[in-house]
Each structure stands twice: as C-alpha cells, then as structure tokens.
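Report on the structure given below.
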Amino acid sequence: MRIINDPDPLIRVEELTKRYKEVTAVDGLSFAVNHGELFGFLGPNGAGKTTTISLLTGLARPDSGAIRIAGRECAKNPKAAQHLIGVVPDESNLYPELSGYDNLCFCAALYGMRQAERQMRARELLEVFGLEGAADRKFAGYSKGMKRKLTIAAGIIHRPPILFLDEPTTGIDVASARQIRQLIADLHRAGTTIFLTTHYIEEAERLCERIAFVVQGRIVEIDSVVNLLQPVRQRRAMLITVSGSVEGLCNHLAGAYPQFTFQAASADQVRVESSDTISIGPLVRSIEDQGGEVIEARRLRPSLEDVFVRITGIDLDAMKKEKGGGGQ
Amino acid sequence: MNQWIAFWSIMFKDVRAYYLKPPNVSWGLIFPVAWTGMFFIRSGRGLDSVLDLLPGVVAISVLFGTTSMLAVTVTFEKKNRSFDRLLLAPIPLSLLMLAKTSGAILFGVFNAFVPILLAQFLTDLSRIAWMTVLPAVLLVAIASTFLGLFIAVSVSEVFEAQTFSNFFRFPMIFLCGLFFPISALPAFLRPLAFALPLTYGVDILRQGILGQSMLPTGLNLMILIGFCLALFIVSLRNVHRKWIV
C-alpha cells in the first residue's frame, strides 16, 4: 500500500464548482491524488465525473475553486500542466481518416516529440496494445475495442506522469475490457499517477487504491478501498434464488429469523445479511413451508457494491445498464 | 517543448487529411474555371476581358476555397471531439488556431493561382506587378480563412457552417467590386462594401493586375491586415468563450 496522506499531492482540488445554467455539475469538490496513486472516481451517469476531468485537464473552466497539478495553479491557467497529463476521453476521438500509426505519430507531435522518437514510440505502443497488424488501417475501420486501445495508447504516447482515464472499459467486449484493465494496472505499477472514472464498481475495487463516491457533483465518501470495505467485511451475505415470486417471502422470513435482514434482490432472489453465520438448511425449510422452492443459494463476498449502495442508496442494476453494459 | 513541431504537424495533417483529397483539389480547379467562363461569356468582349476579370476570379477562388473547407473541417472536428485533442495539447491557443488555419491559407493561395495559370494561356500577363499581387493573394487568403474560422466558431453543426458561410460569401461576390465597380452599386449599398475585407483585397489585386484602384495600395494593405487581426482575435475569444466553457 502506498502512502495515503502525501503532504505534497500531485493533484489537489479545493472547493471546485461548475454550473451549466441551472444545473450544478460539480458542487464544491475537494480531494487530492498522491504521487503514483490509482485514484478512482466512482458514480452514476450525470454525477459529474466527466465534467471533473474536463475541469482538471483544461477543457472546461471552473466557476470557482482551485486546481493544483504538480504544484502549478491550473484553474486560471489550464495550459500550465498540460504537458504533464495524458487524457483518455470517454469516447474515442482520434482522427477517423488517419491510420492507427499516423494517429499515434500525430498525437506525439502535439507534445513536441521529434519524428524518430514519435515513430519509435508509436510502433512500441502498437505492439504493447496488440494493434501492430492494424497499424496501417484507418481508425474509422477499427472495432470498438481496438478504438479504445488506440485511444489509450494516444493518451500515453508522450509518457505523461499523470493519466486521466474516463470510463475506459465502457461499451466494449469483455476480452478487450480485461486487457485494458491489465494495461491500466501495468501503467500504475510503472509509476503513472492515474485518475480513473468509472461506473463499474468491481472495476474500481479491483484497480484503485483510493476511491471517491460521487453523486450529483458531490463526493459523498472518499477513502482507501481497504477502509471502505471495513464495515462490510464482518458481514455475511447470501443470495437465494427461488422458484416464483419473492413477494411476501421477505416479510415471512424476517419474522421467523429476526437476527437476519432480508431484502428482495430481484423478482425471484432474496438477499440475506447477518453479522453471524447464515445456515442455509433452516432457511430452505422455511421457504419450502411457504410453498417455494430454492433453486440456488450462493454466499456473497463482501464487496464495494455493498458499501456503495449503503452510502449512496443508488440502484446498482440501473447504474450498470446506464451505458449499455460491457466492460465487466 | 518545441511548439513548432506541433504547429507543423497540425498543418501537414490537415493538408493531407482534408485539402489534398481529390474532391477538394477538383473543387479548387473547377470552381475558378466555372466562374471565369461565366463572366468571360457575359462580358462579350472575347479574350480582351480576361485580364479585367482576373482580379475578381482570383479573389472569389480564394474566398470560396478557404471559407468552405476551414468552416467545415473545424466544425466536423469539434463535433466528433477530435478538436479536444488539440485543445489538450500544451501549446498556446493562438498558435493552435494559426496551425489550424495555415492549411486553409495554403489551399487559398493554391486556388488563386489556378485562374492565373489559365489566364497565362489566354492573355499577356507580362505587365502584372507580382510584388503587389502576391501579398494581396496572401492577405485575401488569410482574411478569408479567418472569416471561415469566425464562422466555424459561431456554429455547432456542419450544415450550419455551410449555410452561414454562404450568408457572407454570396453578398461579397456582388458587393466587393469583384466583377463590377463599387461606384456602380446603389448609394445605400456602398458603405456595406467598405465594411467587407474582400473589397480591399480586390482593390489591391486590380492595382497589381490592371494598374488601377480606388484606394492607395498601402492603405488597402493596412485595412486588410486590420481585418485579419480583428477576425483572428474575435475568433480566439469565441473559442475561449464558447468551446472552453
């Protein structure tokens, strides 16, 4: 585990606020990201994640608040730290009419890299991302996963010490998402400070050291993953799938087992939680007494999802469906 | 960091990706030829009219070539968010916009020489004062390109860029002294003619090609440079105000 309380964080944000007419997209955000940290910014659509990245990278102007990146004041002078940052936007935005190789060389040139260096770096990244076979194909002809990988490659072409990743695995196939997560982990191990926004909780839990939960432009909780998981670590949970509807079943079970909490997880699933051991036998019998049949009973590992739901009260299923799935 | 590497790369990328595409090259060739032919036939004076028509045709070729391409490409890049890549690059906004417009300026200068090359085969160009014509062509290309930039920054859709371009371009054909003198315009339209940059560019071209102009060349150059600066500064402010919100 890295140092959490860095006295001189690489990114420091204080009371950052951004309004678009009547809507407050970012509402008084304050946080810090330490050197070499992989920091997660987790929240549903419309939480202000992309706006925050736009503000930090100079694509948007804050209404108030302070942004310091590597000691440079960036709220008023966004160009001050742009040479230190790489940005991977939520949508692949490279040039459709250029080949993958030419796109990378062009992005390298934007950061002042000389021709020989940018050509070498472009070839190196195409190989790392497994795109060498498509180097000469136009970007417009790439698949979604390939586009995403090349967009990440473009974001790191100039070897930035700070990388902003906006929903990097949204809307792509499982294999590509897994590969991208591995690449993010590798970049982190190599010392890159990463600011990652996502609405995939498992992804954030797997990759990040610290996470901020963001809802409606505000941070509702910020801590290390270990600390966030602490309250649910002692809890035991089980998911029971029954034939037929669980309507009324939860109330019956709650009356019979007051030491457990029961919650309808879906139309045919009951979630059982307790701080004690949950024995499945008596529960199965009680369900059968009510005319139901247990199809499956599965122990659940305490996860960040539980913490997120507990803190924000947000419906996770709805959040996962927001951007069309993929990624997990 | 060498910011000029970024500058040249943006310019060469645009030239390669947009301006050297066959449809655009053919637009640069066909359009001036079509306009020359139209006014050539209308004049009814045979080959004698070629030199008289040349300043207007050169100016219109530059105007249409630069404004249509720049307004559309910038709006397209803004729309698909690839323009954000440029805004994220660690180079000053002014240098970025100069790089973005330099390809269009070159395309405009190329367009200007298409009618001049054609005229070479039809009339005697030995009396042309090239030292007057060349800066005029360059300044008309710069002013037209910056007008295209102003249009691009003012709209959000590609089709709006086309429509808004025509809002400026077509009145200019008739108001700026391209094919008939400003003195022939109704009195109430003349002030409008002097509010348009192309009027001064055409006047310098007329001086260089025909040896006659309304205003002294030095004054025309200064006014045209003023238009270029004003359009560029207003466009930069608009980029700052509208695109980095």
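The values are calculated or read from the model by the stated rules, or taken from the named source; none is laboratory data. Every value quoted in this text rests on a predicted model; they were computed, and no experiment measured them. Here the Cβ is made from the backbone with ideal geometry for all residues, glycine too, and neighbour counts use every protein chain on show.
Descriptive notes on the structure:
- Segment B:48-87 - residue that is out of contact with any helix residue (DSSP H, G or I) (no Cβ under 6 Å at 6 or more places or on another chain) and among the aliphatic types (A, V, I, L, M) and, of those, nearest to residue B:108 (Cα to Cα): B:51
- Scanning segment A:16-45 for residues that are touching a helix residue (DSSP H, G or I) at 6+ places or on another chain (Cβ under 8 Å) and of a type in the set (Val, Ile, Thr) gives a single hit, A:26.
- The residue list B:202, B:245, B:239 contains one member that is surrounded by 16 or more Cβ atoms within 10 Å (Cβ to Cβ) and within 14 Å of chain A (Cβ to nearest Cβ), which is B:239.
- The sole residue among A:55, A:59 that is under 21 Å from the mean Cα position of the chain (by Cα), in the same structural domain as residue A:193 (by TED's automatic domain parsing), farther than 19 Å from residue A:156 by Cα and of a type outside the set (S, T, N, Q) is A:55.
- Condition broken by residue B:79, with the remaining ones in (1) within 11 Å of another protein chain (Cβ to nearest Cβ); (2) within 22 Å of residue B:144 (Cα to Cα) satisfied: (2)
- Residue among A:254, A:265 that is small (Gly, Ala, Ser), at pLDDT 90 or above and touching a strand residue (DSSP E or B) at 6+ places or on another chain (Cβ under 6 Å): A:254
- Scanning segment B:114-125 for residues that are part of a helix (DSSP H, G or I) and more than 21 Å from residue B:24 (Cα to Cα) yields B:119, B:120.
- Single residue of segment A:199-218 satisfying the filter (in a strand (DSSP E or B) and in contact with a Leu (Cβ under 6 Å, 6 or more places away or on another chain)) that is surrounded by the most Cβ atoms within 10 Å (Cβ to Cβ): A:211
- Checking residue B:190 against (1) of a type in the set (D, E, K, R); (2) in a helix (DSSP H, G or I); (3) away from chain A (no Cβ under 14 Å); (4) touching a residue at least 12 places away in the same chain (Cβ under 8 Å), the condition it does not meet: (4)
- Test: residue in segment A:25-33 that is touching a residue at least 24 places away in the same chain (Cβ under 8 Å), in a helix (DSSP H, G or I), more than 11 Å from chain B (Cβ to nearest Cβ) and under 27 Å from residue A:307 (Cα atoms): no
- Every residue from segment A:108-151 that is at pLDDT 95 or above and of a type in the set (Val, Ile, Thr): A:151
- On the stretch given as segment A:267-285, residues that are of a type in the set (S, T, N, Q) and in contact (Cβ under 8 Å) with a residue 40 or more places away in the chain total 2.
- Residues of segment A:219-239 that are closer than 16 Å to residue A:39 by Cα and part of a strand (DSSP E or B): A:219, A:220, A:221, A:222, A:223, A:224.
- Only listed residue being of a type in the set (Val, Ile, Thr) and crowded, with 20+ Cβ neighbours inside 10 Å, chosen from B:182, B:173, B:209: B:209
Results for (1) within 8 Å of chain B (Cβ to nearest Cβ); (2) basic (Lys, Arg); (3) not in a loop (DSSP other than H, G, I, E, B), shown as yes or no for each residue.
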{"site": "A:61", "(1), (2), (3)": "yes, yes, no"}
{"site": "A:65", "(1), (2), (3)": "no, no, yes"}
{"site": "A:83", "(1), (2), (3)": "yes, no, yes"}
{"site": "A:90", "(1), (2), (3)": "no, no, no"}
{"site": "A:97", "(1), (2), (3)": "yes, no, no"}
{"site": "A:103", "(1), (2), (3)": "no, no, yes"}
{"site": "A:106", "(1), (2), (3)": "yes, no, yes"}
{"site": "A:120", "(1), (2), (3)": "no, no, yes"}
{"site": "A:123", "(1), (2), (3)": "no, yes, yes"}
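- Cross-chain or 6+ apart pairs with Cβ under 9 Å, segment A:75-90 first and more than 15 Å from residue A:187 (Cβ to Cβ) and assigned by TED's automatic domain parsing to the domain that holds residue A:63, then surrounded by fewer than 20 Cβ atoms within 10 Å (Cβ to Cβ) and of a type in the set (Ser, Thr, Tyr): A:75/A:64
- Meets criteria (farther than 30 Å from residue A:13 by Cβ and surrounded by fewer than 18 Cβ atoms within 10 Å (Cβ to Cβ)) for residue A:221: no
- Selected residue (criterion: surrounded by the fewest Cβ atoms within 10 Å (Cβ to Cβ)) from residues of segment B:126-163 that are in contact (Cβ under 8 Å) with a residue 12 or more places away in the chain and in a loop (DSSP other than H, G, I, E, B): B:127
- Qualifying positions in segment A:167-176 - touching a helix residue (DSSP H, G or I) at 6+ places or on another chain (Cβ under 8 Å) and within 23 Å of residue A:48 (Cα to Cα): A:167, A:168, A:169, A:171, A:172
- For segment A:6-24, filtering for residues that are free of Cβ contacts under 8 Å to residues at least 24 places away in the same chain, more than 14 Å from chain B (Cβ to nearest Cβ) and not acidic (Asp, Glu) leaves 1.
- Residues in segment A:35-44 that are under 23 Å from residue A:188 (Cα atoms) and either within 15 Å of the chain's Cα centre (by Cα) or surrounded by 20 or more Cβ atoms within 10 Å (Cβ to Cβ) (or both): A:37, A:38, A:39, A:40, A:41, A:42, A:43.
- Residue satisfying all of: in segment B:83-115; among the polar types (S, T, N, Q) and crowded, with 24+ Cβ neighbours inside 10 Å; farthest from the other protein chains (Cβ to nearest Cβ) among these: B:111
- Taking the conditions (1) among the acidic types (Asp, Glu); (2) under 30 Å from residue B:3 (Cα atoms); (3) within 22 Å of the chain's Cα centre (by Cα) in turn, residue A:14 satisfies each one other than (2).
- Any chance residue B:81 is out of contact with any Leu (no Cβ under 8 Å at 6 or more places or on another chain), basic (Lys, Arg), over 19 Å from residue B:113 (Cα atoms) and not in a helix (DSSP H, G or I): yes
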